[in-house]
Amino acid sequence: CQFIVQAGLIDYSIHFANPDVAIDWSRVEQIRLHSMHALKCPICLSEPQAGKITRCGHVYCWSCLLHYLALSDKAWRKCPVCSESIYKQDIRSVRGIVSRCLKPGDWITFRLMCRERGSVIFHPKKDFDNIQLKHEPEHLLTEINTQQYAHLLSADDETILSEIVEKEKYELLKQLEDDGDQPEACFIKQALEENNEREKIIRERIDKMKNIDEIKLTSKQTKEDEEEYLLPTK
């Protein structure tokens, strides 16, 4: 699987030297699961709608999971699959990526991989000499053919909005359109409300960063103007 984390907030270099160091779950925005089979929600047995993943690694429809958690007065419930505790604040966005399903008799191509000593970053041998190795996650939208081998990918707030939050909203609205007359509709609406709240928080972060950048730019320009003003004349 691949972890999509918030870009630039903390130093992720430790994860490129030691794969056993746990990733800060609070920084995870989405998890990408690569599989030969489409994901199925264990509750409704359908493809997850606006899928969410628990810390134990099981994937559900967002509305199915909210419905399940609402059936208890406690702040947590046991995972229906493995009985690990599920807390609503710990669920994360998930995307399933289905690869070709292999069967006996199929031809497959092996690819020689290599890495630097002391690093856990792998790249195809044929591309290794042309790649600039970095000890930070590649950006989610970087168009490189080695991205599929990365354990960590980063995403700035604009990318989180466009690639995760807005896509989840689209799936929820489509689900509400199809199942709006079903008892499950109230949990779809709850998921939409939580999606809107997440979007609001991210947009506030974006506006805050824009204001900071504008202040820095203004301060730099003011300093340059002052230096120009103080230049001695001949």
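Summed over region 16-43, the residues that are over 20 Å from the mean Cα position of the chain (by Cα), surrounded by 11 or more Cβ atoms within 10 Å (Cβ to Cβ) and within 15 Å of H151 (Cα to Cα) give a count of 1. Would you say E177 is at pLDDT below 95 and either loosely packed, with under 11 Cβ neighbours inside 10 Å or assigned to a helix (DSSP H, G or I) (or both)? Criteria met by E177.
When H58, H67 are checked against the criterion of being surrounded by 14 or more Cβ atoms within 10 Å (Cβ to Cβ), touching a Pro at 6+ places or on another chain (Cβ under 7 Å) and at pLDDT 90 or above, H58 stands alone in meeting it.
Taken as a whole, region 149-161 holds at least one residue that is under 20 Å from V28 (Cβ atoms), at pLDDT below 85 and in a helix (DSSP H, G or I).
Exactly one residue out of S46, S13 is on the phi < 0 side of the Ramachandran plot, modelled with pLDDT under 90 and surrounded by fewer than 20 Cβ atoms within 10 Å (Cβ to Cβ): that is S13. Evaluation of R111 against the conditions (1) closer than 30 Å to R198 by Cβ; (2) at pLDDT 80 or above; (3) among the charged types (D, E, K, R) shows that the sole unmet condition is (1).
The condition (being at pLDDT below 95, surrounded by 11 or more Cβ atoms within 10 Å (Cβ to Cβ) and more than 19 Å from the chain's Cα centre (by Cα)) is satisfied by just one residue among K208, K189: K208.
So which of S119, S93, S99, S72 is surrounded by 14 or more Cβ atoms within 10 Å (Cβ to Cβ) and among the hydroxyl-bearing types (S, T, Y)? It is S93.
Screening the candidates R27, R32 for the property of being among the charged types (D, E, K, R) and free of Cβ contacts under 8 Å to residues at least 40 places away in the same chain yields one hit, R27.
The values are calculated or read from the model by the stated rules, or taken from the named source; none is laboratory data. The model shown is predicted, which means the values in this text are computed figures rather than measured ones. Neighbour counts run over all protein chains shown; Cβ positions are idealised from the backbone, glycine included.
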